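The structure under discussion appears below in the form of structure tokens.
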Amino acid sequence: MRKVLVLFAHPKFEHSEANQVLIKAISDLEKVEIRDLYELYPDFNVKVQKEQGRLFESEVIIWQHPFYWYSCPPLLKQWIDLVLEFGWAYGPGGVYLKNKFIMNAITMGGSDTAYSHEGRNNYTVEEFLRPFEQTARLCGMKYLSPFTLKGTHRIGGEGLNQKAEEYKNLILQLRDSENLDSLNYIR
Amino acid sequence: MEGFFAQAIIYILAAIVCVPIAKKLGMGSVLGYLIAGIVIGPYLLGFLSEGEDIMHKAEFGVVMMLFLIGLELEPKNLWKMRDLILRVGLSQVLVTAALVFGIALALGFSWRISLAIGLSMALSSTAIVLQSLKEKNEMGSPTGKLSFGVLLMQDIAVIPILAILPLLVVSGVQTTGGAGGSGGLIENFPGWAQTLFIFGAIGLVVLLGRYAFGPLLGLVSKTKLRELFTASALLIVVGIGFLMQVVGLSPALGTFLAGVILANSPYRHALETDLDPFKGLLLGLFFMAVGATINFSLIAENTSIIVSATVGIILLKALILFVIGRSKRLTLPENLSFSIGLSQVGEFSFVTYAFASQLGIFNVEISDFLMAITALSMTITPIFLVLLDKVILPKMIKVEKNDRDMDEIESKGKVILLGFSHFGSTLGRFLRANGIEATVLDYNPDQVDFLRKMGFKVYFGDGTRLDLLHAAGADEADILISAINNAETNAKLVHLCKENFPNLEVMVRAKNRYDAYELMEMGVTNIYREHLDTSIRMGEDVMKKLGFRSHTIHRLAQNFREYDEEALKILVQYRNNRKEYISKVKSQIEMQESMLSGEMAKKFSLNDHAWDSDSIKKSLNSEKS
């Protein structure tokens with residue numbers, strides 16, 4: 001059983017039904033730790049050592065966040081800037097994250113068609129997530145293809161619960177299955 | 001058993017034995033008192049025979065209860081309930097009275113007797129229902145609100161009922177003066193004068209509540225003699241009760257009105273605290289008296305008639321209430337506890353029976369029968385309610401439960417704020433700006449007056465008094481904030497809360513680190529040194545003015561503050577060892593200085609290379625060479 005660390009960043013969690021449902025679905029799972037970054041660091045003063053400790057203990061890391069302006073909310077970027085230090089996460093001696101699995105789990109208002117070369121966002125979600133992918137790669141991590149919850153402006157009730165169940169099963173799979181290399185990730 | 005002491009001992013002993021047992025069995029105190037009354041009544045142990053007498057005296061407990069309920073209900077909330085009281089309450093009273101009237105007619109009673117029975121039976125027991133709603137903490141629930149609306153209408157209805165009864169008297173029968181308050185001293189005046197007196201009395205209560213009681217209580221509270229305050233509170237309730245009786249209104253209604261008017265006053269919690277024990281004792285006595293008046297020999301002789309009549313009236317009332325609850329869109333479980341809760345015949349009916357007997361409408365036999373039915377119904381419905389709560393509802397609610405846990409984020413907890421000086425008022429303003437209305441207590445009458453004029457809802461009272469904390473709702477509150485600028489008071493308060501409200505989160509203002517140590521040693525975790533944040537913030541600004549970058553300084557200030565709090569936790573352990581303490585403090589200060597010394601971030605925390613590219617450059621250079 002792998003230890004899963006969910007780094008969750010939402011500046012107004014109390015107003016996000018989609019993220020509430022997702023977080024609820026994966027709460028209270030054994031060996032799955034959720035770190036609610038906006039609750040822990042309202043002042044953006046991320047505790048680097050503490051975060052590095054948690055990262056080191058975990059084998060699977062999830063960045064769960066809404067997709068704001070084609071990226072993550074600022075505190076998660078702050079977290080990346082501060083925690084993934086030179087000489088710890090990458091560079092000489094930066095070996096502590098090697099071979100861990102990492103994945104974005106994102107919620108977004110727009111629909112599938114909007115995120116395509118023909119759609120009004122011009123690029124696919126995977127393309128927008130390139131900075132995350134490359135960050136993972138630089139740290140020697142295996143970047144899994146993202147979990148996405150699209151069209152949050154319209155989805156509700158049953159559809160939402162179904163997606164949450166899917167998310168939970170994915171996390172359980174990441175935690176339990178023997179070999180994750182079969183899971184689709186970008187090499 | 002003769003003599004006051006012997007009597008008192010019997011009552012108190014019976015209550016002390018029966019009520020805890022009833023509570024243990026989950027039955028609520030009302031049933032406990034009723035059973036206690038039955039046990040010591042004439043048919044079991046035979047200790048007392050004058051249940052009715054006592055009942056009339058103990059009815060004052062109901063009066064007090066309504067005063068206290070009024071205190072919790074502000075006028076604007078009462079106004080919001082007008083539709084509920086008028087439409088729901090009135091339809092319950094009228095429909096029930098009409099149906100009972102019809103049934104009694106069908107059973108062969110004369111129309112006079114039938115009407116009197118119908119009107120009496122329409123009333124439910126305010127004492128039983130409200131007491132159990134309060135115990136279950138359901139006053140604010142849909143069931144509680146609807147029940148309260150109906151009960152209030154019934155209390156109002158007592159006035160016209162007592163006015164109608166004399167009209168039913170067959171001419172020639174002499175009336176022997178008003179019972180139960182009707183008529184009173186003004187019955188010899190012509191009708192228009194009586195009406196005038198009634199409105200005058202109500203107006204007087206409103207005026208006194210608005211302008212006289214507040215200053216009176218303020219004056220008394222300045223003497224700091226507690227018993228004087230209690231006496232004044234009693235004077236207010238007894239006085240209004242008497243005034244209402246004189247003009248022939250229900251004393252309960254009058255005191256309720258006074259309570260509503262005083263609900264806005266700063267003395268609300270202090271009044272509640274002082275009157276609550278009296279109310280509790282009198283109500284207990286009242287319920288015991290009801291239990292003692294049940295005429296078991298009459299019931300034994302006419303078991304089938306009385307039992308079927310009792311069950312019949314309960315069913316009939318419950319059915320009407322159920323239809324009303326249905327029309328008000330109560331859910332099935334809510335509706336069941338509403339309709340069964342109010343299905344008994346109430347204590348005011350004893351008054352109307354006595355009155356009707358005196359008027360000669362009822363003969364002794366009918367009156368005894370009705371009394372037995374009423375007392376029996378008052379005993380049975382609490383048992384039904386227990387069954388409903390313990391057996392039936394748990395099953396139903398399990399089915400209806402849906403997953404809405406996430407709503408918790410929106411729900412606001414209850415907060416009590418003690419001390420409303422500059423510190424407390426700033427805190428209170430911040431909370432209020434974000435929609436959290438704390439219950440505020442302050443012990444300075446002038447300060448309270450002043451802040452009230454400024455529009456703050458502040459109550460007068462000493463926050464270190466246990467009963468006052470109870471009245472302010474410390475049992476249900478989530479957080480108690482002490483913004484009191486006195487270490488001794490705070491220590492007392494912390495002990496009090498630890499002992500009595502273990503679930504209450506206590507957050508305390510501390511003057512300096514020495515006060516903080518004291519509090520830490522008492523196990524308080526939420527300690528707020530009043531100068532800490534302000535001085536650091538000021539320091540931040542100083543450094544900004546000296547040319548440092550704002551964000552860097554901001555981060556350092558945050559670290560400094562956290563460091564200071566951590567250091568406090570370490571230092572508290574060395575506090576009693578003077579020498580070691582001084583050396584510890586010294587090293588702490590050195591650490592703090594190093595935080596602000598030349599190399600800033602790097603030296604303070606070896607791990608903080610935030611946005612710092614020096615190490616990368618260095619490593620690149622070494623690769624090249």
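The values are calculated or read from the model by the stated rules, or taken from the named source; none is laboratory data. Please read all numbers here as calculations on a predicted model, not as lab measurements. Because the Cβ atoms are built from the backbone with ideal geometry, glycine has one as well, and the counts that use them run over all protein chains shown.
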Residue check: is A:VAL60 more than 14 Å from every other protein chain (Cβ to nearest Cβ) and in contact with a Lys or Arg (Cβ under 7 Å, 6 or more places away or on another chain)? yes
Whichever residue in region B:449-494 is free of Cβ contacts under 8 Å to residues at least 40 places away in the same chain and assigned to a loop (DSSP other than H, G, I, E, B) and, among such residues, is farthest from B:PRO215 (Cα to Cα): B:ASP475
Could you go through region B:337-351 and let me know if any residue there is of a type outside the set (D, E, K, R) and farther than 25 Å from B:ILE85 by Cα. no
How many residues does region B:239-256 contain that are in a helix (DSSP H, G or I), in contact (Cβ under 8 Å) with a residue 12 or more places away in the chain and under 14 Å from B:MET64 (Cβ atoms)? 9
The residue that is farthest from B:THR331 (Cα to Cα), considering only those in region B:111-130 that are among the polar types (S, T, N, Q) and buried (at least 24 other Cβ atoms within 10 Å of the Cβ), is B:SER120
Which condition breaks for B:MET288 when tested against (1) within 18 Å of the chain's Cα centre (by Cα); (2) assigned to a helix (DSSP H, G or I); (3) surrounded by 24 or more Cβ atoms within 10 Å (Cβ to Cβ)? (1)
If we take region A:102-177, then helices (runs of 4 or more DSSP H) inside it with 3 or more residues that are out of contact with any helix residue (DSSP H, G or I) (no Cβ under 6 Å at 6 or more places or on another chain) and more than 15 Å from A:TRP63 (Cα to Cα) are A:157-176
Looking only at region B:139-172, which residues are without any contact (Cβ under 8 Å) to a residue 12 or more places away in the chain and not hydrophobic (A, V, I, L, M, F, W, C)? B:GLY140, B:GLY144, B:PRO160, B:SER171, B:GLY172
Inside region B:498-525, the number of residues satisfying the requirement of being surrounded by 13 or more Cβ atoms within 10 Å (Cβ to Cβ) and not in a helix (DSSP H, G or I) is 11
Kindly indicate the residue of region B:528-567 that is at pLDDT 85 or above, more than 14 Å from every other protein chain (Cβ to nearest Cβ) and within 19 Å of B:TYR514 (Cα to Cα) and also surrounded by the most Cβ atoms within 10 Å (Cβ to Cβ) among those meeting that condition. B:LEU532
All positions within region B:33-54 that are of a type in the set (A, V, I, L, M) and either in a loop (DSSP other than H, G, I, E, B) or under 16 Å from B:SER250 (Cα atoms) (or both): B:LEU44, B:LEU45, B:LEU48
Here are some residues: A:GLN78, A:GLN49. Which one is polar (S, T, N, Q), within 13 Å of chain B (Cβ to nearest Cβ) and touching a residue at least 24 places away in the same chain (Cβ under 8 Å)? A:GLN78
The condition from (1) at pLDDT 80 or above; (2) out of contact with any strand residue (DSSP E or B) (no Cβ under 7 Å at 6 or more places or on another chain) that B:VAL290 misses is numbered (1)
Which residue, of B:LEU298, B:LEU275, is surrounded by 21 or more Cβ atoms within 10 Å (Cβ to Cβ), within 29 Å of B:ALA8 (Cβ to Cβ) and not assigned by TED's automatic domain parsing to the domain that holds B:ALA472? B:LEU275
Every listed condition ((1) out of contact with any helix residue (DSSP H, G or I) (no Cβ under 8 Å at 6 or more places or on another chain); (2) more than 30 Å from B:LYS136 (Cβ to Cβ); (3) crowded, with 18+ Cβ neighbours inside 10 Å) holds for B:LEU493 save (2)
Would you check if B:ALA233 is in contact with an Asp or Glu (Cβ under 7 Å, 6 or more places away or on another chain), aliphatic (A, V, I, L, M) and either under 19 Å from B:LEU162 (Cα atoms) or surrounded by fewer than 22 Cβ atoms within 10 Å (Cβ to Cβ) (or both)? no
The one condition in (1) part of a helix (DSSP H, G or I); (2) modelled with pLDDT of 85 or more; (3) away from chain A (no Cβ under 14 Å) that B:LYS579 fails to fulfil: (2)
Residue tally, condition hydroxyl-bearing (Ser, Thr, Tyr), without any contact (Cβ under 8 Å) to a residue 24 or more places away in the chain and part of a helix (DSSP H, G or I), over region B:72-124: 1
What's the number of the only condition in (1) within 14 Å of another protein chain (Cβ to nearest Cβ); (2) within 22 Å of A:ALA136 (Cβ to Cβ) that A:VAL4 fails to meet? (1)
